[in-house]
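**Q** Submitted below is the structure of interest, expressed as C-alpha cells.
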Amino acid sequence: MPIGSVTPPTFALVLKKILIANRGEIAVRVIRAAREMGIQTVAVYSELDRDALHVRLADEAYALGGTTAAESYIDPDKLMDAIRTSGADAVHPGYGFFSENADFARSVATLGVEFIGPPPEAMDEMSDKVSSRQAAVRGGAPIVPGMTEFATGPDDVRTFGDEYGFPAVIKAAFGGGGRGMKLVHSADDVDDAFASAQREAKSFFGRDEVYVERYLTWPRHVEIQLVGDKQGNCVWISSRDCSAQRRHQKLVEEAPAPGLPDGVEQAMGEAAVKAAQAVGYYGAGTVEFIYQDGEFFFLEMNTRLQVEHPVSEMITDIDLVEWQIRVASGEELPMSQKQVDQSRRGHSIEIRINAEDPAGGKFLPSPGPITSLVPPDGFGVRFDTGYMSGDEVSQYYDNLVGKLVVWGRDRDIAIARTIRALDELVVEGVATTIPADLAILKHPDFAAVTHSTKWV
C-alpha cells in the first residue's frame, strides 16, 4: 500500500478508536491521520479548551475539568477515567505531557489499551541522560566525554575538570530545554554551580540528579528521526538540524541537516539505529547528537514524536503518525532502509510560530486572543496549528501557535519559499516570533551554515 494512502488499512491488531492524551496542534495532527486511516478519535480537554480546534475535530470529546495542565492533561486519574469511559482501544500521547512517562504507559496497558509509543522499559532507560548514555555506548554510538553515572557532589565535577579541562557543563539528568544546566568555567565555580543545577532540576523535573560532560564551544544540534517495529526492524528516516535555538529551545528546524561532510549523516543514522536497538525500541523516536569540527556525539534520545517531525515527512512522503499507529497495531514497517533512503528528496524547513515577543532578544510570552489567523498557501507549503481566528493562547499552556513547514527542491529554494510564506502569514492579537524567524532566515550565517546552538 502506498505511504499516505487514505484507504483504511488492515491491522494485525485492529484499532478502532484512539484517545489523544494531548491538546493543540499535535492533537489535531493525530486526529487527522487517524481519520484518514478510518479510525475514530477521542479528544480530552480542560475547561479553557472546551471549544478548542482539537475538540471540534474529534469524533468524541471528554472534559477533564481544571485550568492548568496539572489539573487536567497531566492528571492521570482523570485521563484513565476518560480512557475507560470512551472505550478507546489505544492512546496516542502526542509530545510533552505524558508522552515519555513510562508509568503512564504501564497504566494504559493495565486497561488492555495500546499505548502508541515505545515499550516502557525503553522509555525508562532513555528517560535520563546518564542511562541513555550507557545505552548509546552499548550500541556503539559515540558520546561526549563525560560521566556515565550521577555526580555525587562537587568533587566529582572538579575531578572531571582536572581530567578534561574547563569549561565543563553540569546537566540535570532528567531534564531538558536548558533547565538545570550550568556552565562551570573553573574549579572555583563548582560549588555554587552544582547547588544551583540541583535546585533548578528539582524545581522543574522533580529530581535533582545531575551529571557532568565536556562543554563544546560552537556545536550544531543534529538529530536523527527513526522508527522501529515490534518485530525488531528499525530504520532511520532523515537527519534534521535544529541549531537555531533560543534558551536551548528550538526556533527553526530543517531536513536534511545541511553542510555535513560526506558520510557523516549516514554514520549518524546507523549510530541512532544501534542506540535504539540496544534498548529494544519500537515506535517513532529521535536520537539527538551534537556536531562540531567533523565529529558527532550522542546527546540523548527522545522517546516520542518530535515537534519538528514534519520536516522529515516533507522530504520522504512518509506519514510518521500513520507509521506510529501501524507499529502499535503490530504491523511491520512499511518500508526497508533502502526504500527510505531512496524516498528522500529536496529540503524542508520548519518554523515554530510561538506567541512570544522577541524584542530585545527576550522572547517574552504573549498570551491572549488571536483576532486573526490566516495561514500562507502555495506550492510546498504546510501549516500545522491547533488554533483558528478567535481562539485564545492561554498563559497556562505551551504558546506554540503553529508550525510553518516548507519544501523546496534544494535548500536555497526552501529558504526563499519560507521567507515568502512567513511574509504572507497573518497572526494578529498576539506578538509572535515571526520577526526573529525572518532575521534568522535572512542572515548570511544561516545561509552559510556557520551558525550554532549558541548563535541566536
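The values are calculated or read from the model by the stated rules, or taken from the named source; none is laboratory data. As the structure is a prediction and not an experimental result, all values here were calculated from the model. Here Cβ is always computed from backbone atoms with ideal geometry, including for glycine, and neighbour counts include all displayed protein chains. Areas reflect the complete protein model, heavy atoms only, side chains present, ligands, DNA and RNA absent. Shrake-Rupley method; radii C 1.70, N 1.55, O 1.52, S 1.80 Å.
**Q** Could you check how many residues of region 102-122 are touching a Phe, Trp or Tyr at 6+ places or on another chain (Cβ under 9 Å), aliphatic (A, V, I, L, M) and surrounded by 15 or more Cβ atoms within 10 Å (Cβ to Cβ)?
**A** 3
**Q** When you go through GLY360, GLY368 one by one, which is the residue that is surrounded by fewer than 16 Cβ atoms within 10 Å (Cβ to Cβ), more than 20 Å from the chain's Cα centre (by Cα), modelled with pLDDT under 95 and more than 14 Å from SER239 (Cβ to Cβ)?
**A** On the way: GLY368 fails: modelled with pLDDT under 95.
Of the residues listed, the single one that is surrounded by fewer than 16 Cβ atoms within 10 Å (Cβ to Cβ), more than 20 Å from the chain's Cα centre (by Cα), modelled with pLDDT under 95 and more than 14 Å from SER239 (Cβ to Cβ) is GLY360.
**Q** Would it be correct to say that LEU19 is modelled with pLDDT under 95, touching a strand residue (DSSP E or B) at 6+ places or on another chain (Cβ under 6 Å), open to solvent by less than 20 Å² (accessible area, probe 1.4 Å) and not basic (Lys, Arg)?
**A** No; evaluated as a whole, the condition is false for this residue.
**Q** Name the residues in region 159-191 that are surrounded by 14 or more Cβ atoms within 10 Å (Cβ to Cβ), aliphatic (A, V, I, L, M) and either more than 32 Å from the chain's Cα centre (by Cα) or under 27 Å from MET301 (Cβ atoms) (or both), would you?
**A** ALA168, VAL169, ILE170, ALA172, ALA173, MET181, VAL184, ALA187
**Q** Is one or more of the residues making up region 74-85 modelled with pLDDT under 95, of a type in the set (D, E, K, R) and either over 17 Å from SER127 (Cβ atoms) or outside any helix (DSSP H, G or I) (or both)?
**A** No, that holds for no residue.
**Q** May I ask you to list the residues in region 401-414 that are open to solvent by 20 Å² or more (accessible area, probe 1.4 Å) and within 23 Å of the chain's Cα centre (by Cα)?
**A** Kept after step one, since they are open to solvent by 20 Å² or more (accessible area, probe 1.4 Å), are these residues of region 401-414: 407, 409-413.
Once the filter is applied, which keeps residues that are open to solvent by 20 Å² or more (accessible area, probe 1.4 Å) and within 23 Å of the chain's Cα centre (by Cα), region 401-414 yields TRP407, ARG411.
**Q** Same structure again: What are the residue pairs meeting all of these: first residue in region 437-455, first residue without any contact (Cβ under 8 Å) to a residue 24 or more places away in the chain and outside any helix (DSSP H, G or I), second residue of a type outside the set (A, V, I, L, M, F, W, C) and open to solvent by less than 30 Å² (accessible area, probe 1.4 Å), Cβ atoms under 9 Å, and 6 or more apart or on different chains?
**A** Pairs that qualify, where the first residue is without any contact (Cβ under 8 Å) to a residue 24 or more places away in the chain and outside any helix (DSSP H, G or I) and the partner is of a type outside the set (A, V, I, L, M, F, W, C) and open to solvent by less than 30 Å² (accessible area, probe 1.4 Å), are HIS443/HIS451.
**Q** Looking only at region 355-373, which residues are closer than 18 Å to GLY386 by Cα and hydrophobic (A, V, I, L, M, F, W, C)? It would help to see each step written out before you state the result.
**A** First pass over region 355-373, keeping only residues closer than 18 Å to GLY386 by Cα: 355-356, 365-373.
Matches in region 355-373: ALA355, ILE370, LEU373.
**Q** Looking at region 48-66, can you tell me whether even one residue there is exposed (fewer than 15 other Cβ atoms within 10 Å of the Cβ) and either in contact with a Pro (Cβ under 6 Å, 6 or more places away or on another chain) or under 27 Å from PHE204 (Cα atoms) (or both)?
**A** yes
**Q** Let me ask another. Considering region 315-364 alone, what residues qualify as being of a type in the set (D, E, K, R) and out of contact with any helix residue (DSSP H, G or I) (no Cβ under 7 Å at 6 or more places or on another chain)? Talk me through it step by step, then tell me what you get.
**A** Filtering region 315-364 for residues of a type in the set (D, E, K, R) gives 317, 319, 322, 326, 331-332, 338, 341, 344-345, 350, 352, 356-357, 362.
Scanning region 315-364 gives ARG326, GLU331, GLU332, LYS338, ASP341, ARG344, ARG345, ARG352, GLU356, ASP357, LYS362.
**Q** Does any residue of region 432-447 turn out to be over 24 Å from THR371 (Cβ atoms), of a type outside the set (Ser, Thr, Tyr), crowded, with 20+ Cβ neighbours inside 10 Å and within 20 Å of the chain's Cα centre (by Cα)?
**A** no
**Q** Quickly run through region 293-325 and pick out the residues that are open to solvent by 20 Å² or more (accessible area, probe 1.4 Å) and among the small types (Gly, Ala, Ser).
**A** GLY294
**Q** Taking ALA421 as the residue in question, decide whether it is in contact with a His (Cβ under 8 Å, 6 or more places away or on another chain), open to solvent by less than 20 Å² (accessible area, probe 1.4 Å) and among the hydrophobic types (A, V, I, L, M, F, W, C).
**A** Numbers: in contact with a His (Cβ under 8 Å, 6 or more places away or on another chain): no; open to solvent by less than 20 Å² (accessible area, probe 1.4 Å): yes; among the hydrophobic types (A, V, I, L, M, F, W, C): yes.
Here the answer is no, as ALA421 does not meet what is asked.
**Q** How many residues are of a type outside the set (S, T, N, Q), within 26 Å of VAL456 (Cβ to Cβ) and not in a loop (DSSP other than H, G, I, E, B) if we restrict to region 212-241? Break it down into steps so the answer makes sense when it comes.
**A** The initial filter retains those residues of region 212-241 that are of a type outside the set (S, T, N, Q), namely 212-216, 218-224, 226-230, 232, 234-237, 240-241.
Cutting the leftovers down to within 26 Å of VAL456 (Cβ to Cβ) gives us 212-216, 218-224, 240-241.
Checking the rest, the ones that are also not in a loop (DSSP other than H, G, I, E, B) come to 212-214, 220-224, 240-241.
The total comes to 10.
**Q** Filter region 123-158 down to the residues that are basic (Lys, Arg) and either closer than 24 Å to GLY269 by Cβ or open to solvent by less than 10 Å² (accessible area, probe 1.4 Å) (or both), then identify the one that is nearest to the chain's Cα centre (by Cα). Give the steps one after another, and end with the answer.
**A** Let us first name the residues in region 123-158 that are basic (Lys, Arg), namely 129, 133, 138, 158.
Checking which are either closer than 24 Å to GLY269 by Cβ or open to solvent by less than 10 Å² (accessible area, probe 1.4 Å) (or both) leaves us with 129, 133, 138.
Details: LYS129: 16, ARG133: 19, ARG138: 24 Å.
Going through the qualifying residues, I end up with LYS129.
**Q** Taking LEU422, is it in contact (Cβ under 8 Å) with a residue 24 or more places away in the chain and among the aliphatic types (A, V, I, L, M)?
**A** On the way: in contact (Cβ under 8 Å) with a residue 24 or more places away in the chain: yes; among the aliphatic types (A, V, I, L, M): yes.
Here the answer is yes, as LEU422 does meet what is asked.
**Q** Does region 72-103 hold any residues that are hydrophobic (A, V, I, L, M, F, W, C) and closer than 19 Å to HIS54 by Cβ, and which are they? Break it down into steps so the answer makes sense when it comes.
**A** Start the filter on region 72-103 by keeping residues that are hydrophobic (A, V, I, L, M, F, W, C), which leaves 74, 79-80, 82-83, 88, 90-91, 97-98, 102.
Scanning region 72-103 gives ILE74, LEU79, ALA82, ILE83, ALA88, ALA90, VAL91, PHE97, PHE98.
**Q** Quick check on this structure: which one of GLU300, GLU308, GLU254 is within 19 Å of ALA33 (Cβ to Cβ) and within 15 Å of the chain's Cα centre (by Cα)? I'd like the intermediate steps shown before the answer.
**A** On the way: GLU300 fails: within 19 Å of ALA33 (Cβ to Cβ); GLU254 fails: within 19 Å of ALA33 (Cβ to Cβ).
None of the other options fit; the residue is GLU308.
**Q** Inside region 192-207, can you point out the residues that are surrounded by 16 or more Cβ atoms within 10 Å (Cβ to Cβ), more than 21 Å from ALA70 (Cα to Cα) and among the aliphatic types (A, V, I, L, M)?
**A** ALA193, ALA197
**Q** Among (1) at pLDDT below 95; (2) open to solvent by less than 40 Å² (accessible area, probe 1.4 Å), where does ALA257 come up short?
**A** (1)
Here's the yes/no breakdown for (1) modelled with pLDDT under 90; (2) charged (D, E, K, R); (3) out of contact with any strand residue (DSSP E or B) (no Cβ under 7 Å at 6 or more places or on another chain):
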residue	(1), (2), (3)
THR152	no, no, yes
GLU163	no, yes, yes
PHE174	yes, no, yes
HIS185	no, no, yes
CYS234	no, no, no
